[in-house]
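K.L.:
Provided herewith is a single structure, encoded as structure tokens, for subsequent inquiry.
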């Protein structure tokens with residue numbers, strides 16, 4: 001029996017299989033490298049509530065409307081300004097985002113804080129008669145860089161109290177907190193501190209108003 005021809009065919013077949021296998025392994029390694037080189041994505045919220053200060057009267061009840069914000073704050077983007085390079089331009093971080101739009105984060109935080117302080121919180125949509133309505137417009141929610149190594153979180157709010165379709169009072173709150181580090185992580189931490197400080201100021205202001 002003659003073997004050279006089948007042996008040659010087997011050898012060629014093994015060689016082609018080895019070549020295909022090597023190509024597959026190489027392609028898989030390239031794909032793995034591409035995946036590993038993709039930047040990580042990070043999401044932030046405000047974390048747990050700060051220690052309760054008990055600034056509200058236990059029997060206080062208020063209706064809280066969802067906080068309004070400009071279209072630039074509709075999404076989940078973490079925004080910053082370079083004060084040394086066109087401070088009018090809002091820039092988003094590429095891989096860092098809020099867990100929800102800033103206005104929703106603030107609304108949630110405010111309602112939770114009022115409840116934790118001993119107040120009763122209702123949504124404006126509940127339509128409970130005679131309750132004062134807290135309306136807030138969010139004007140600024142960004143991290144501002146004075147230099148490449150120094151930044152601060154900035155929140156500005158226009159807060160109004162309305163009762164029986166009549167404006168009781170209105171106040172403008174501007175709060176800033178220096179970031180521990182000039183990056184997204186430091187900005188997120190400073191923004192939480194700024195949000196809580198803003199809410200504390202709002203609660204103290206509410207205490208001074210004739211809401212009953």
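The values are calculated or read from the model by the stated rules, or taken from the named source; none is laboratory data. Since the structure is predicted, the reported quantities are computational estimates derived from the model, not experimental observations. Cβ sites come from the backbone with ideal geometry, for glycine too, and all protein chains shown count toward neighbours.
K.L.:
If we only count strands (runs of 3 or more DSSP E) wholly inside segment 103-199, which ones have 1 or more residues that are at pLDDT 95 or above and in the same structural domain as residue 62 (by TED's automatic domain parsing)? Talk me through it step by step, then tell me what you get.
P.N.:
Values: elements: 120-123, 133-147, 150-163, 166-178.
Counting at least 1 such residues, we get 133-147, 150-163, 166-178.
K.L.:
Please find, within segment 151-173, the residue that is farthest from residue 78 (Cα to Cα) out of those that are touching a residue at least 12 places away in the same chain (Cβ under 8 Å) and loosely packed, with under 14 Cβ neighbours inside 10 Å. Write out each step before concluding.
P.N.:
To start, the set of residues in segment 151-173 that are touching a residue at least 12 places away in the same chain (Cβ under 8 Å) comprises 151-164, 168-173.
The next check asks that each one be loosely packed, with under 14 Cβ neighbours inside 10 Å; those that pass are 164, 170, 172.
Working: 164: 37, 170: 28, 172: 23 Å.
Residue satisfying both the conditions and the ranking: 164.
K.L.:
Here are 49, 56: which of them is modelled with pLDDT under 80 and in contact with a helix residue (DSSP H, G or I) (Cβ under 7 Å, 6 or more places away or on another chain)? Step through it out loud before you land on a result.
P.N.:
Details: 49 fails: modelled with pLDDT under 80.
Result: 56 is the single residue among 49, 56 that is modelled with pLDDT under 80 and in contact with a helix residue (DSSP H, G or I) (Cβ under 7 Å, 6 or more places away or on another chain).
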